[in-house]
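Structure record follows, encoded as structure tokens.
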Amino acid sequence: MRDEAVSRVRTVFSLFDVDGNGVLEPVDFALMADRVVAAAPRSPVADRDAMRAAFQRYWTTLAAALDADGDGRIDFAEYSACVLSPERFDETIAEFARALTALGDPDGQGLVGRAEFVALMIAIGFRRSGIDALFDAFGPSADDRIPAATWEAGIREYYAPDKADIPGDHLVVDGTSA
């Protein structure tokens, strides 16, 4: 497992820990889902529902794999062991990536504009400088849009334990969110 992957996952853990208590719990995923869905008011209801379902699956996948004592809490060591294991988490990340990119493409044209991208990424908790650097790394068109498929692939790549020097690394600076 590469250090870069651990840093990316540490960033996501800190963002998903919405209440800041150092562990992930179901309430963190519900709060995050609410924030992300609220950032996509033009998206169809079905896409917003799919995003909520993806956050729920994210939590249930973690809990099923890691919450052996049933206390509804997962710490960073437990989290990283699961999300950096492709055989355990790939389908959950794929669902999450599809749902998030669909919210960024409210017109269903297969393209995500910078405004939608920024709104969703800020709702997740990333900093603007990292968001803009990531969007630019995806090679936007002259009208400042990227293919939804490019972003979806980037999300999946973000969780790959063997990847380094990827666009998603723009979201991480010295182990914190950028």
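The values are calculated or read from the model by the stated rules, or taken from the named source; none is laboratory data. Please read these numbers as outputs of a predicted model, since none were measured by experiment. Cβ atoms come from the backbone with ideal geometry, glycine included; neighbour counts cover every protein chain shown. Areas reflect the complete protein model, heavy atoms only, side chains present, ligands, DNA and RNA absent. Shrake-Rupley method; radii C 1.70, N 1.55, O 1.52, S 1.80 Å.
Sort out which residues of segment 1-33 are closer than 14 Å to Gly72 by Cα and either without any contact (Cβ under 8 Å) to a residue 40 or more places away in the chain or touching a strand residue (DSSP E or B) at 6+ places or on another chain (Cβ under 9 Å) (or both), and write them in order of number. Talk me through it step by step, then tell me what you get.
Looking only at segment 1-33, we keep the residues that are closer than 14 Å to Gly72 by Cα, and these are 17, 21-30.
The answer is Asp17, Asn21, Val23, Leu24, Glu25, Val27, Asp28, Phe29, Ala30.
With respect to Thr101, determine if the residue is within 19 Å of Tyr159 (Cα to Cα) and modelled with pLDDT of 95 or more.
Answer is yes for this residue.
In this structure, is Glu116 closer than 20 Å to Ser43 by Cβ, open to solvent by 30 Å² or more (accessible area, probe 1.4 Å) and within 13 Å of the chain's Cα centre (by Cα)? Explain how you work it out, then say what you get.
Working: closer than 20 Å to Ser43 by Cβ: yes; open to solvent by 30 Å² or more (accessible area, probe 1.4 Å): yes; within 13 Å of the chain's Cα centre (by Cα): no.
So Glu116 fails the test.
Within the set of pairs 6 or more residues apart or between chains, which connect a residue that is over 20 Å from Glu4 (Cα atoms) inside segment 144-164 to a residue that is part of a helix (DSSP H, G or I) with Cβ atoms less than 8 Å apart?
Hits for this filter: Asp144/Arg114; Arg145/Arg114; Ile146/Phe117; Ile146/Phe135; Ala148/Thr101; Ala148/Ala102; Ala148/Gly104; Ala149/Thr101.
If Glu87 meets every condition in (1) outside any helix (DSSP H, G or I); (2) open to solvent by 60 Å² or more (accessible area, probe 1.4 Å) apart from one, which number is that one?
(1)
Would you mind stating whether Ala133 is more than 20 Å from Arg52 (Cβ to Cβ), part of a helix (DSSP H, G or I) and open to solvent by 60 Å² or more (accessible area, probe 1.4 Å)? I'd like the intermediate steps shown before the answer.
Details: more than 20 Å from Arg52 (Cβ to Cβ): yes; part of a helix (DSSP H, G or I): yes; open to solvent by 60 Å² or more (accessible area, probe 1.4 Å): no.
No: the conditions fail for Ala133.
May I ask you to say which residue of Val27, Val36, Val12 is open to solvent by 50 Å² or more (accessible area, probe 1.4 Å) and either modelled with pLDDT of 85 or more or part of a helix (DSSP H, G or I) (or both)?
Details: Val36 fails: open to solvent by 50 Å² or more (accessible area, probe 1.4 Å); Val12 fails: open to solvent by 50 Å² or more (accessible area, probe 1.4 Å).
Only one candidate qualifies: Val27.
Filter segment 91-106 down to the residues that are touching a residue at least 40 places away in the same chain (Cβ under 8 Å) and of a type in the set (D, E, K, R), then identify the one that is farthest from Val172 (Cα to Cα). Outline the logic, then answer.
Filtering segment 91-106 down to residues touching a residue at least 40 places away in the same chain (Cβ under 8 Å) leaves 93-106.
Of the ones still in play, those that are also of a type in the set (D, E, K, R) are 95, 98, 105.
Details: Glu95: 23, Arg98: 22, Asp105: 25 Å.
Checking each candidate, the answer is Asp105.
What's the total number of residues in segment 129-166 that are of a type in the set (Lys, Arg) and over 20 Å from Arg10 (Cβ atoms)?
The initial filter retains those residues of segment 129-166 that are of a type in the set (Lys, Arg), namely 145, 156, 163.
With over 20 Å from Arg10 (Cβ atoms) added as a condition, the list becomes 145.
The qualifying residues number 1.
Tell me which residues, restricted to segment 111-140, are touching a residue at least 60 places away in the same chain (Cβ under 8 Å), under 15 Å from Ala97 (Cα atoms) and of a type in the set (Val, Ile, Thr).
Ile124, the sole residue that qualifies.
Which of the residues belonging to segment 102-129 are in contact with a strand residue (DSSP E or B) (Cβ under 8 Å, 6 or more places away or on another chain) and in a helix (DSSP H, G or I)?
Applying the first criterion (in contact with a strand residue (DSSP E or B) (Cβ under 8 Å, 6 or more places away or on another chain)) to segment 102-129 yields 104-105, 110-114, 117, 125-127.
If the condition is that a residue be in contact with a strand residue (DSSP E or B) (Cβ under 8 Å, 6 or more places away or on another chain) and in a helix (DSSP H, G or I), then Gly104, Arg114, Phe117 are the ones that fit.
Here are the criteria: (1) surrounded by 17 or more Cβ atoms within 10 Å (Cβ to Cβ); (2) farther than 20 Å from Ala123 by Cβ. Tell me which single one Ala94 does not satisfy.
(1)
Which residue, of Ala99, Ala77, Ala53, Ala65, is in a helix (DSSP H, G or I), more than 19 Å from Pro161 (Cβ to Cβ), open to solvent by 20 Å² or more (accessible area, probe 1.4 Å) and hydrophobic (A, V, I, L, M, F, W, C)? Break it down into steps so the answer makes sense when it comes.
Numbers: Ala99 fails: open to solvent by 20 Å² or more (accessible area, probe 1.4 Å); Ala77 fails: more than 19 Å from Pro161 (Cβ to Cβ); Ala65 fails: more than 19 Å from Pro161 (Cβ to Cβ).
Within the list Ala99, Ala77, Ala53, Ala65, the selection yields Ala53.
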